[in-house]
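To keep things clear, I will list the structure first and then write my remarks on it.
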Amino acid sequence: MREQIATDIPEIWFNCGVTATARGDYANAENCFRRTLALAPHSLETLLNLGYVLGEQGKAEEALGCYESVLAEAPGNAKARYNRAAHLLRRGELAAGFADYEARFAAIQDVDCRVYPQPRWDGSPLNGRSILVYCEQGFGDAILFGRYVPLLAGQGGKVVLEAQPPLLSLLSTLPGVDRVVAKSANPPVTDCHIPLLSLPHLFGTTLETIPVSVPYLFPSESLTSVWRARTASEPGILRIGLVWAGKERPYPNRSCPPEYLVPLLATPGVRFFSLQIGERERFPLPPEFAAGVIDHTDGIRDFADTAALILTLDLVITIDSAVAHLAGALGKPVWTLLPCAADWRWLEDRSDSPWYPTMRLFRQPGPGDWGAVINEVAGTLRDVTTHEAVGATLTDEQCDSLFLGAMESLEQNVPDVAVAQFLKLLPLFPDNPAVWFNLGRARRLQRNRADAEKCFRRALLLKPDSPDIWLALGRLYLELKAFEEAETCLGKAHELAPGSVDILLDLGAALVPQGKTTEAFCCDQKILAIKPDCTEAIYNMGFLQLRSGDFLPGFANFEQRLSIERFQIDPRIYPQQRWDGSPLAGKTILVFGEQGMGDSIQFSRYIPLIAQRGGKVVFEVEKPLVPLFNSLPGVARVVPKSGTPPATDVYIQSLSLPHIFHTTIDTVPNRVPYLAPEPSKVAAWRQLLAGDSAFRVGLVWRGNPRNPLDQDRSSSLAAFSPLAALDGVSYYSLQVGSAAEEAASPPADMEITDLTSRLEDFSDTAALIANLDLVISIETAVAHLAGALGRPVWVLLSHNHCWRWLVGRDDSPWYPTMRLFRQERPGDWGGAVQRVKNALESLVRERAN
């Protein structure tokens, strides 16, 4: 075919690519679209299509590159953003991905063509307002994202949930839902509305903050009893539900023809139950399959019936379907079979799901290879049933073997198998604390923290003097950020095992977020009495000393970070010696920021001091910072960070400079400004903002979504709503990244100008800040930049803030023009923002007078 195509007509190649895509011939489609681009390199539609077929072949990075290329030329292209969303979400970059996913309304026709008289919810507190949440897509998404409804209720909302009729009875069991109504052409009248799949974006969801507690759906006990009675006549060691087919569109490759599942039916002691609704004509059942699977689906009226039936089973094995989501939401063990190019909801290269703690994923190694998937499932099922089939008459030797097998599964990080093995042991040894304890460990590995907590608590009832169990429960509470509960458990563990360094380290980790600095410091002292060379304790002590303003010993102890494995974020090899602070006498010295861009800005103040010691400074920084530092006094050369460090006579990390210069709180080099914006850029911004005579305030509300530390530090623009409608104030967004889009839908009565599309690097940001009267920011590089420029900057600090802001102060020894506003309780931005509002009103009044 290819030889017959005119080689110089891009439209023909493009149409051939579209045809090949329609029949699923993605490799040929890729070739056609690449030929099109060779002839028409700026065809955005071709790039979009090429990205799609690359994604269907599992070439995720190349597909993402296509969408990035489109957005580089057309930043507002909704299709590119929507397609990019799937790839970002698949990679686990949920904050950026869900932000891009908002483009679906512009990218896809007729997502929801209804007219809403009420405003769209912006994420601000609901305070008793009613909110319509409507299920815009399929059954599976309604179940998956229904977990956010309780969060809305937690914000004081009265939730009206609109869903497809088969889901109404089941979704009415969601905690916090006020009313469930059937989807119709005319949406119910409420105070505000929101599509269900926009909730992860509005709640700032990351992998770490997914609301993962299960179950969150609860079919009625009476309905479950009906199904339990109906299936009671089919006993088995394991009772497994099966789903093998889904609708052909929009995911034609997700269905597994039932003949592939036939080998599973030979598993001894297992009874299989059909949970398959529909698609029977497309996938006729092989006779041996129909004979081996019990089918009660004629009694299923809606998803509540399916849920009740699932509760009578031990396991569900399903393709990517609504039933997979349902089993996960019920907290039942579920094994999900995925095609090679799986949907973004299942991420990539994972055998577990961050959405469902009880789910395990089995992926095709190549397109269409269901055989390999079923072989893996069959092997895993044999591992489970081998132990389940032992029965209740185990000998002591068999019990020991089963326990050792469970422990081996646990140590090999196969929690599903371990859980099944421990559950078999429980009826035989209901009062054995080791079984409960290790079952809790396995549940924790499944990320089923609620059940893990119950197991640990049960183990403690049986063995209250076990430091290991108290430690495990304390660590679980640390993961949940329940620091008071963690302190209680870890304190008890310490009483029982006072010589344990691990317990003391974790106890300190529970004390610091509560502001209990003295008690945490005492933990480190105890550790060093036991193990004087414990680098973690020395580092922790340095952190606490810095937080308390005791800089001289604090920065000395802070050097231990270079010996701690979890801080090894710079794998490069340096052929030159590390600088020890001695006179440089003309030597070249490489200074580089080992951590974030804020650190590079904060500690660049030491570079003039290095130059005073005779050093020729090569300053290596992240690329967006290079233009900013070109005018820094004392710097000989600024270079972007790369895989190979520049060759110099010596080197030093910028965070080690305070130690080398023996910095105390009284000798911080805090003269500002020590950075200056480019005059031409300042002038350009001055002209652009010349028409605004109000008090100009720049806002930053969110940090880097890829940095786990920034999750607690970040807020949302909605949290700034008390600042709205202040007379004489105009707001400018300084927010970059995915959160910048929040400026397009600010809180009610807040007008915010977003000119960030003009910001190419930090020198542009600096020039804009020079034309503002004030910057209000959470803890970000922009806060450091404003302080280094000598501009007024107010910083909103999380309760568990970084050491550099000290404790109990509303000013900073690092930046004379900075004012600090601290959270009084973890997660509570309301009080801090209210104090900012009061201060801003006073400042504007003073300026007016």
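Structural remarks
- Looking across the range 430-453 at every residue that is surrounded by fewer than 22 Cβ atoms within 10 Å (Cβ to Cβ) and small (Gly, Ala, Ser), the one that is farthest from residue 411 (Cα to Cα) is identified as 450.
- When each of 519, 495 is tested for being surrounded by fewer than 19 Cβ atoms within 10 Å (Cβ to Cβ), at pLDDT 95 or above and touching a Leu at 6+ places or on another chain (Cβ under 6 Å), the lone residue that passes is 519.
- Test for residue 123: is it in a loop (DSSP other than H, G, I, E, B), in contact (Cβ under 8 Å) with a residue 24 or more places away in the chain and not β-branched (Val, Ile, Thr): yes
- Any hit, the range 221-230, residues being in contact with a Leu (Cβ under 6 Å, 6 or more places away or on another chain), more than 20 Å from residue 371 (Cβ to Cβ), surrounded by 20 or more Cβ atoms within 10 Å (Cβ to Cβ) and among the hydrophobic types (A, V, I, L, M, F, W, C): yes
- Filtered by the rule that a residue be in a loop (DSSP other than H, G, I, E, B) and closer than 20 Å to residue 378 by Cβ, the range 333-353 gives 333, 339, 340, 351.
- Among residues of the range 288-304 that are not assigned by TED's automatic domain parsing to the domain that holds residue 174 and in a helix (DSSP H, G or I), those with a beta-carbon under 6 Å from a residue that is surrounded by 13 or more Cβ atoms within 10 Å (Cβ to Cβ) and polar (S, T, N, Q) at least six positions away or on a different chain give the pairs 297/274; 304/169.
- Test for residue 126: is it touching a Gly at 6+ places or on another chain (Cβ under 7 Å), among the aliphatic types (A, V, I, L, M) and within 30 Å of residue 352 (Cβ to Cβ): no
- Within the range 463-478, residues that are within 17 Å of residue 434 (Cα to Cα) and assigned by TED's automatic domain parsing to the domain that holds residue 490 reach partners that are at pLDDT 95 or above and not in a helix (DSSP H, G or I) with beta carbons closer than 6 Å, at six or more positions or on different chains, in the pairs 467/497.
- In the range 433-492, the residues that are touching an Asp or Glu at 6+ places or on another chain (Cβ under 8 Å), among the aromatic types (Phe, Trp, Tyr) and under 21 Å from residue 406 (Cα atoms): 437
- Test: residue in the range 92-101 that is on the phi > 0 side of the Ramachandran plot and in contact with a helix residue (DSSP H, G or I) (Cβ under 6 Å, 6 or more places away or on another chain): yes
- Test: residue in the range 793-811 that is free of Cβ contacts under 8 Å to residues at least 40 places away in the same chain and hydroxyl-bearing (Ser, Thr, Tyr): no
- Matching residues in the range 209-223 - criterion: being assigned to a helix (DSSP H, G or I) and more than 17 Å from residue 171 (Cβ to Cβ): 209, 221, 222
- Here is the figure for the range 640-664: residues that are modelled with pLDDT under 95 and surrounded by fewer than 18 Cβ atoms within 10 Å (Cβ to Cβ) total 7.
- Those residues of the range 782-805 which are more than 26 Å from the chain's Cα centre (by Cα) and closer than 17 Å to residue 736 by Cα, in sequence order: 785, 786
- Residue within the range 81-94 that is at pLDDT 90 or above, small (Gly, Ala, Ser) and surrounded by fewer than 18 Cβ atoms within 10 Å (Cβ to Cβ) present: yes
- Selection count, the range 82-120, where residues are small (Gly, Ala, Ser) and part of a loop (DSSP other than H, G, I, E, B): 2
The values are calculated or read from the model by the stated rules, or taken from the named source; none is laboratory data. In this text, all values refer to a predicted model and were calculated from it rather than measured experimentally. Note: ideal-geometry Cβ built from the backbone for every residue, glycine included; neighbour counts use all protein chains shown.
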